[in-house]
Amino acid sequence: MVAIFLALFLGYALLEGSQRGLAATFANPVFLGQANLLNLTRSIGLFGIFSVAMGTVIITGGIDLSVGSMFALLGVILAYLLGPDKFPWPLAVAIIILLAMLIGLFHGLLVSRARLQPFVVTLCGLLAYRGLARFISSDQTIGFGSNTGFELLRTLATGSIFNLPAPFILFLIVCAVMGIVLHSSVYGRYLYAIGRNEEAALYSGINTKLVVTSAYVLCASLTGVSAILIGFYTNSISPASHGSFFELYAVAACVLGGCSLRGGEGSILGIFIGTAMIQLLRNIVNLQGIDSSLEFVVMGGVIMIAVSLDQVLGARRRARETRVDVKGAPAEPAPATRN
Amino acid sequence: MPEPILELKGISKRFPGVVALSDVHLSVSPGEVVALIGENGAGKSTLMKILGGVYQADEGSIRVDGRDVKIRHVADAQKLGVSLIHQELNNLDNLDIGGNIFLGREPLSGGFLRLVDRKKIAEQSRGYLAKVGLNLPPWTPLSALSIAQQQLVEIAKALSTNARIIVMDEPTSSLTLTEANRLFSLIAELKSAGVSVIYISHRLMEVNACADRVVGLRDGKNSGQLPKSEINHESMVRLMVGRNIDLKRTETHLGDPKKRIEFREIISPFFPSHSISLDIRQGEVLGLAGLVGAGRSELAMTVFGITRPLGGEIVVDGKAVQVRSPHDAIAHGIYLVPEDRRKHGLIISMALRENVTLPDLWRYASFGVISYGSELRTAEEQRKKLSIKTSSCETLAKNLSGGNQQKLVLAKWLSLSPKLIIFDEPTRGVDVGSKAEIYRLMRSLAENGVFILMISSDMEEVLGVSDRIAVMREGALTGVLEAKDFSEEAVMRLAVAPVHAKEGRQMPGQAIH
């Protein structure tokens, strides 16, 4: 995956080089200009947080398609809380996160207790929350305008810390924490175990229903955090389009990062790189002045190429593993113990 | 000696890094039943896959009817009259019987529409079904059939391709004794019709019952053969492992008679009209016999908390314990070694280490973060103790052989503090060497005060390993045999007794008439 990422990066440098001349590109690439880098890392941060959230449910073998609609619904509610209703911002944030967690709990219970398919449950969410957002706001765009009283939130979404965009820093923190949770904690091991074989996990005494439910709650609460950041980033929320398709950016980032939609696979590093690749792609499309209506064509194409490449490389890796496997097999009736 | 119908000469097959077969010979006469025996990994399946066209041999020749042939595809094998019946059945259970028999060779009608001619399928299927003794209409959906009946469908399919050589790979691994006997009489019929059978099995008693000649494979080489007169248990074990294995029962040392585990009127939701009361004494291995579908695994699942009981309680040393989930069961030291280890026992795409520590992961963690070192120590300890043959604790469970996978399932539980271990078909698909090790382990656990309940459909195993045998039928306990009353007949009497009316209910297909 890293190799593909670098290839993409280099490919882009060459593309730019072919237009402006290699020397000029390397001397002063637009792409590597400070403004663009800030822009790029900010969007990586904004999209990364909920991609990691998506990763946790994908690892259990589930999916959450309602993310984008949750952005719209939570964004609208947040705008009301901070705008006309004049809630203090910490309370508003708490309400938003709590609401998000309730939605996650609802999804999680439907998946783990009622045994509905995650795709179906969250697809209904995708439709319902979007509709609810439009209804609450009477389909009007509402914004935070230049209201004051919550500068900290605005800084977290649009400001910088140590010359780095604040969302990117937040994303790094989320990655660090979730990296430990997924890769070193008991809970993380349970998530992978369930993703690989839920029944065997149950037979090993894992409370699979609780773990699956909690994965949806965790996913939704990070989604709630993202909803606040993205709301402030756009500063106004058009309920019909705000955040639409964002869940698919997250799924794409996870898939590019090595998650399997069958569950049980994937890593934080992978999701980080996956998110970076997708944002890089959008950035390139932008900078190249490619017609923005073609953006999805380019992205779809590149993701497909990357995943296919990974499949080919992966097949080779599996072949190597099988070789080890076969080697292990005859070693198994060890001659020493035979007589 | 008649001209052999099939001769494999000097077959060698190398996979990268390993020689799977070297210079293997096998010849089969028309109407002969040749048993091919050997431990897991001895090369039986590879040899049969070469015969069936799945693999190509690197060296050696295959002769059918005295003529050299090349088998490059499965279709080539079929044309030559070779048919493989795999261990895992390859039937499609969303089709009906006829559809399975003629899969890929469906008679067509309707001209260019190329419709499947169901009438013709039904007509032609009937003949083959009659031959294998399966009296069901060809349009019976496969999903309504028992595994034994599905097996008969596979054989009917083989006959429909005019097979003259049928290879059966562990055909009885999921059959009950009566079903297996039916299979043997079918093999005898095939034989008298001139069809040759290559029979692969770990169950030596069966080989004894049906083979005309036994050919042994060991580490990819011929290890000898036995004519009919010399086929017996010891000689076959020698052929497979090159040494004798003593399966004789050691003396039982019963522990404190007050220490016992009692199931008091446990009602599993699968059989709500029957309750099971059973006690297990310390120091003994209690066998649980019965036909497939007798409710033994269901009882195990209920005791282990996979399904909640409708009533009853488990009493450990006089104290009743509540089991609502496997988590509870494990907390009380009640463990299950499930029948299907790849599906329930292990997470096969995880490493040995991760599988061992999974049931009690919190023990290896501080503040929820797992310590790799302490995990590895336990895993390593268990690997050595159970002599799981692999190079490291990071080997994925799926890359272990059947016997070693079963030991890994045990390692999971032995790293905790077991009170009661329920073994559900502990040696299914396990080679003879590992089998003996698993028996020894059960015995030593029992001697160390662990209560052992062993569910088994293998008569040899039930009679050879248990100290007492409980027998179930259709969700009810029909009796408990003491060691002095052990015999195959006694067990079968309890397992099937109220004759065919009850047995018929297990074969839903028959209800259709």
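The residue list B:M454, B:M442 contains one member that is buried (at least 18 other Cβ atoms within 10 Å of the Cβ), closer than 22 Å to B:K385 by Cβ and touching a Leu at 6+ places or on another chain (Cβ under 7 Å), which is B:M454. Tell me, which residue of the stretch B:402-419 that is within 12 Å of another protein chain (Cβ to nearest Cβ) and in contact with a strand residue (DSSP E or B) (Cβ under 7 Å, 6 or more places away or on another chain) is surrounded by the most Cβ atoms within 10 Å (Cβ to Cβ)? Here the residue is B:V409.
For residues that are aromatic (F, W, Y) and in contact (Cβ under 8 Å) with a residue 12 or more places away in the chain, scanning just the stretch A:57-103, find the one that is nearest to A:Q140 (Cα to Cα). Across the stretch A:57-103, the extreme among qualifying residues is A:Y80. Taking the conditions exactly as written (at pLDDT 85 or above, assigned to a helix (DSSP H, G or I), out of contact with any helix residue (DSSP H, G or I) (no Cβ under 7 Å at 6 or more places or on another chain) and surrounded by fewer than 18 Cβ atoms within 10 Å (Cβ to Cβ)), does A:L102 satisfy them or not? Answer is yes for this residue. For the stretch B:8-53, filtering for residues that are over 24 Å from B:V207 (Cβ atoms) and among the β-branched types (V, I, T) leaves 2.
Here's the yes/no breakdown for (1) under 19 Å from B:S160 (Cβ atoms); (2) of a type in the set (D, E, K, R); (3) touching a helix residue (DSSP H, G or I) at 6+ places or on another chain (Cβ under 8 Å); (4) within 14 Å of another protein chain (Cβ to nearest Cβ):
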position: B:H25; (1), (2), (3), (4): no, no, no, no
position: B:A35; (1), (2), (3), (4): no, no, yes, no
position: B:L47; (1), (2), (3), (4): no, no, no, no
position: B:I62; (1), (2), (3), (4): no, no, yes, no
position: B:L80; (1), (2), (3), (4): yes, no, no, no
position: B:F102; (1), (2), (3), (4): yes, no, yes, no
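In the set (1) under 20 Å from the mean Cα position of the chain (by Cα); (2) surrounded by fewer than 20 Cβ atoms within 10 Å (Cβ to Cβ); (3) within 11 Å of chain A (Cβ to nearest Cβ), the condition left unmet by B:N399 is number (2). Checking the structure you have, find out if any residue of the stretch B:141-157 is at pLDDT 85 or above and over 22 Å from B:L186 (Cβ atoms). Within the stretch B:141-157 (the criterion being at pLDDT 85 or above and over 22 Å from B:L186 (Cβ atoms)), the answer is yes, since at least one residue qualifies.
Let's see how each residue does on (1) in a helix (DSSP H, G or I); (2) farther than 30 Å from A:I180 by Cβ:
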{"site": "A:L261", "(1), (2)": "no, no"}
{"site": "A:I273", "(1), (2)": "yes, no"}
{"site": "A:Q279", "(1), (2)": "yes, no"}
{"site": "A:M299", "(1), (2)": "yes, yes"}
{"site": "A:V307", "(1), (2)": "yes, no"}
{"site": "A:R316", "(1), (2)": "yes, yes"}
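Might you check whether a residue that is of a type outside the set (S, T, Y) and surrounded by fewer than 17 Cβ atoms within 10 Å (Cβ to Cβ) occurs anywhere in the stretch B:148-156? No, there is no match, as no residue in the stretch B:148-156 is of a type outside the set (S, T, Y) and surrounded by fewer than 17 Cβ atoms within 10 Å (Cβ to Cβ). Residue-level check: of (1) in a helix (DSSP H, G or I); (2) within 14 Å of chain B (Cβ to nearest Cβ); (3) modelled with pLDDT of 80 or more, A:A336 misses just (3). Based on this model, can you work out whether B:R126 counts as among the charged types (D, E, K, R), under 30 Å from the mean Cα position of the chain (by Cα) and surrounded by 13 or more Cβ atoms within 10 Å (Cβ to Cβ)? It is true that B:R126 is among the charged types (D, E, K, R), under 30 Å from the mean Cα position of the chain (by Cα) and surrounded by 13 or more Cβ atoms within 10 Å (Cβ to Cβ).
For (1) of a type in the set (G, A, S); (2) closer than 30 Å to B:N399 by Cβ, each residue gets a yes or a no:
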site: B:A35; (1), (2): yes, yes
site: B:E39; (1), (2): no, yes
site: B:G52; (1), (2): yes, yes
site: B:R67; (1), (2): no, no
site: B:N90; (1), (2): no, yes
site: B:L95; (1), (2): no, no
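Within the stretch A:110-166, the set of residues being in a strand (DSSP E or B) and of a type in the set (G, A, S) comprises A:G143, A:S160.
Name the single residue that is nearest to A:A227 (Cα to Cα) among those in the stretch A:44-81 being outside any helix (DSSP H, G or I) and either touching a His at 6+ places or on another chain (Cβ under 9 Å) or among the aliphatic types (A, V, I, L, M) (or both). Ranking the candidates gives A:S66 first. Checking each residue in the stretch B:330-349 for being assigned to a loop (DSSP other than H, G, I, E, B), surrounded by fewer than 21 Cβ atoms within 10 Å (Cβ to Cβ) and within 10 Å of another protein chain (Cβ to nearest Cβ) picks out B:D340, B:I348, B:S349. Flag: B:I11 matches the condition of being free of Cβ contacts under 8 Å to residues at least 60 places away in the same chain and part of a strand (DSSP E or B). Filtered by the rule that a residue be within 7 Å of chain A (Cβ to nearest Cβ) and either in contact with a strand residue (DSSP E or B) (Cβ under 8 Å, 6 or more places away or on another chain) or outside any loop (DSSP other than H, G, I, E, B) (or both), the stretch B:355-390 gives B:L358, B:P359, B:L361, B:W362, B:A365, B:G368, B:V369, B:I370. If we keep just the residues of the stretch B:296-325 that are touching a Leu at 6+ places or on another chain (Cβ under 9 Å) and over 12 Å from B:I422 (Cβ atoms), which is farthest from the other protein chains (Cβ to nearest Cβ)? Only one residue tops the list, namely B:V316. With respect to the stated conditions, B:P257 fails to be away from every other protein chain (no Cβ under 14 Å), in contact with a strand residue (DSSP E or B) (Cβ under 6 Å, 6 or more places away or on another chain), at pLDDT below 90 and outside any helix (DSSP H, G or I).
The values are calculated or read from the model by the stated rules, or taken from the named source; none is laboratory data. Nothing here was measured: the structure is a model prediction, and the numbers come from that model. Neighbour counts are summed over all protein chains in view; Cβ atoms, including those assigned to glycine, are modelled from backbone coordinates with ideal geometry.
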